[in-house]
Structure formats: C-alpha cells, structure tokens
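Encoded as structure tokens, the structure appears first; notes follow it.
The values are calculated or read from the model by the stated rules, or taken from the named source; none is laboratory data. Everything quoted here is computed from the prediction, not taken from an experiment. Cβ atoms come from the backbone with ideal geometry, glycine included; neighbour counts cover every protein chain shown. Please note that ligands, DNA and RNA were not included when accessible areas were found on the heavy atoms of the full protein model with its side chains. Shrake-Rupley method; radii C 1.70, N 1.55, O 1.52, S 1.80 Å.
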Amino acid sequence: MNKIKNLADLRDLKEKLQSGTKLREKSEYPELLVQVKVAMATCCIASGSRETMNYIVDELEKRNVGAVITQTGCMGYCYAEPTIEVILPGKEPVVFGYVDVKKADEIIEKYIKGGALVEGIIPVNYKKIDN
Amino acid sequence: MKDISFHILDIVQNSLHAGADRIGIEMAENTNEGTLKLTITDNGSGMDQKRLDQVTDPFFTSSTTKRVGLGLPLLKQNAEQTGGAFEVKSELNKGTIVTAFFNSRNIDMIPEGDLAATMRTLISSEPQKDLVFRHQKDDGDYELDTAAIRAELGDIDLSRREVLDFICEFIRSNERVFHEQSFEKKIY
C-alpha cells in the first residue's frame, strides 16, 4: 500500500509554510475579504466550472488578493455556466456568466482588483432579507 | 459528463449537501477482467426509501432553483451504457453509498479524466472535511486521506496553494506509475 509515501516531504512542506507569512486568516472576518462563490452543480461541472474554480483559487493567491472562495449549488442560470458570484467588501453581490479561465482572469484584474464592472453580468433582483 | 473525475466531483457535491464530513471515494480497477468499480461513501443525512426510489429519476431533485436533477442519472447512464450497473444504498441519518460498475473495455467507456484536478477543487473549497480517495488498479494502490495530512500539517490550512500542489503531485505521480505499469503489460 502506497499510503502518503512521502511523509518526509510533507514535513518539509510544513516547515516551509510555517516560516512564510500567513496570508489567509480566513473565516474570522469574511466580510472584509473578497468572497467568490463558484457554482458547482451538475450543469456547472459539465460546462467546466472545475477548471474555473482551480484557476481562481490559484490566481487570487498568486496575485495576493485576500479572498474566500467557496463552491455553491446551481443558481438556476444553467444556460450561462460556469457562473460565479463575487462579493467585494461592502458591495452588492454580482453574478457573472460564461466564466471560463480567460473570463476569470478579466474579472480578477478588472473587477476584483480594479473595481470596474466587466461584461457578462447576469442581472439579478437580489436583496438580502435584512435590508 | 465527459469522464469519471467529473462524476466524482458531482456526486461528492450531493454528499456535502447532505451535511457529510467524511467522504470516501474509491476506484477499483481490474484490467484483466476489464472492470472498474467506483464507490462514493458518505456519513451525511441519508435518504428514506421513498426518496431512494426517486434519485435516478432525472426530473426529481431536492433543489429549489431548478427542476431537474441529473447527477445520479448521468452516472447511471454512463455505467449502464458499458454494460455495467449502478446502485444507491442509503440509511436515514447514517449516510449513503453510491456504486457504479463499468466494463472498462466497452467502446462506450468514459475515460478516468483528471483525478488530481477534482481532488484539488474539493479540498480547496472544503479543507476541513475528511476526504479519503483510494485508487486501486490490479495489485497496485494508493490512498489520500486529508485527515492524515491535516494531522501532519497542524494548523496549516489545506486550501493553501502549496498544499494543493503537493496533493496534486502525489496523485499524478501515482497515476503515472499505474500508467507505466499498464503500458508494460501491453508490450510484453
């Protein structure tokens, strides 16, 4: 049985990560971070949301954006999959459709980092129950 | 669904939705017999018999945002089109076991796909859940247990990129070994 054969490597990794600065102290103040929800239901997966999600997770960390990235169920926009919902701190949620890797790059650069809206927004009458 | 790795990602979503915190994914292949068995086990809320009878109906879903539920029906179809079989067992408040049998030599067999990418997606969004992925092919096998990795890494978040890269490389290197073994078999 080939059980985590490289435990020594895992220890090396631990040391390396502990010495580096902690980027993510997530979950404590999620409202201060960028929140990205990637839809991950059958329709989304079949349209390529796995690649979109992996790309967003990687790129936000590489580009030093403090973010919480979660997956969510089908939002009902199956025709526009993969879809993602982005909530910038203090702003209303925005849903983007047809988010492939290229579109995700544009959203990160222009909307998440720059605050400028980009094409491909799905308009929703979304209000939280407490406002 | 184009391949098995997408099915795994999809079916595990059901487990997460059912509140499971320990999910087992097992692929067992026998290349001599040409069989592949995929089993996904969870400790989620489970289903009663009435719901169990409905799960492979594409027009049944627990979702409120859409009126179809294609995850299990598509897996059933992909298994049965190879002459295989499909089974869901469940017990309320205990958990669910989904099993799909494939005849891997059938022309309609779907490929395995990118298993590492699927595990990466699952772990990055659910780093605190216990995922056990076991892949067995003939007499070789490997296992990835996120509980064991978490125990080793202490307070380091599993969703960090370096950890995800490490896990992906672990899966890919083991898959390469499988690939080389089956390649040798075909030559000699």
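Here is how the numbers come out for the structure above:
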{"item": "Shielding by partners - mean other protein chain Cβ count within 10 Å, residues of A:57-63", "result": "3"}
{"item": "Contact order relative to length of segment B:1-104, as percent, for alpha carbon pairs under 8 angstrom and 6 or more apart", "result": "30"}
{"item": "q = 0.11, 0.19, 0.20 Å⁻¹: log10 I(q)/I(0) that the Debye formula gives for segment B:81-188, counting C-alpha atoms only", "result": "-0.48, -1.14, -1.19"}
{"item": "Solvent exposure of segment B:89-188 as accessible area per residue, Å², 1.4 Å probe", "result": "48"}
{"item": "Fraction of the pair-distance distribution of chain B above 21 Å, Cα-Cα pairs, percent", "result": "52"}
{"item": "DSSP beta bridges in chain B [antiparallel fraction, %, rounded to 5]", "result": "80"}
{"item": "Approximate shape of segment A:29-122 as ellipsoid semi-axes (Cα gyration tensor, √5λ), whole Å, largest first", "result": "19, 13, 13"}
{"item": "Separation of the residue A:119 and residue B:151 label points, Cα + 7 Å toward Cβ, nm", "result": "5.3"}
{"item": "Shielding by partners - mean other protein chain Cβ count within 10 Å, residues of B:115-128", "result": "4"}
{"item": "Computed over chain B: relative contact order in percent, which uses C-alpha pairs under 8 Å that are six or more apart", "result": "23"}
{"item": "Residues of segment A:29-122: accessible area per residue with a 1.4 Å probe, Å²", "result": "42"}
{"item": "Debye log10 I(q)/I(0) at q = 0.29 Å⁻¹ for segment B:81-120, Cα point scatterers", "result": "-0.91"}
{"item": "Cysteines (scope the protein assembly as shown) whose Cβ has no counterpart Cys Cβ under 4.7 Å", "result": "A:44, A:74, B:168"}
{"item": "GNM result for chain B, Cα springs below 10 Å: residue of B:115, B:131, B:74 fluctuating most strongly", "result": "B:74"}
{"item": "Gain on full stretching of the segment that runs from residue A:51 to residue A:102 - 0.36 nm per residue minus C-alpha separation", "result": "17.3 nm"}
{"item": "Helix-only mean residue ellipticity at 222 nm for chain B, each DSSP H run of n ≥ 4 adding -39500 (n - 2.57), per residue, nearest 500", "result": "-12500 deg cm²/dmol"}
{"item": "Percent breakdown of C-alpha pair distances by 10 Å bin, ordered from the shortest bin, for the protein assembly as shown", "result": "5, 25, 33, 25, 11, 1, 0, 0"}
{"item": "Cα-based equivalent ellipsoid, segment B:1-103: semi-axes from gyration tensor eigenvalues, Å", "result": "22, 16, 12"}
{"item": "For the pair B and A, total buried accessible area rounded to nearest 100 Å², probe 1.4 Å", "result": "3600"}
{"item": "Accessible surface of segment A:29-122, 1.4 Å probe, proportion on carbon and sulfur as whole %", "result": "54"}
{"item": "Cross-link table B:94/B:137; A:16/A:91; B:2/B:185; A:37/B:76; B:50/B:137; A:14/B:89, entries beyond 31 Å C-alpha to C-alpha", "result": "A:16/A:91; B:50/B:137; A:14/B:89"}
{"item": "GluC sites (Glu not before Pro) lying in DSSP loop within segment A:44-124, provided at most 14 other Cβ fall within 10 Å", "result": "A:119"}
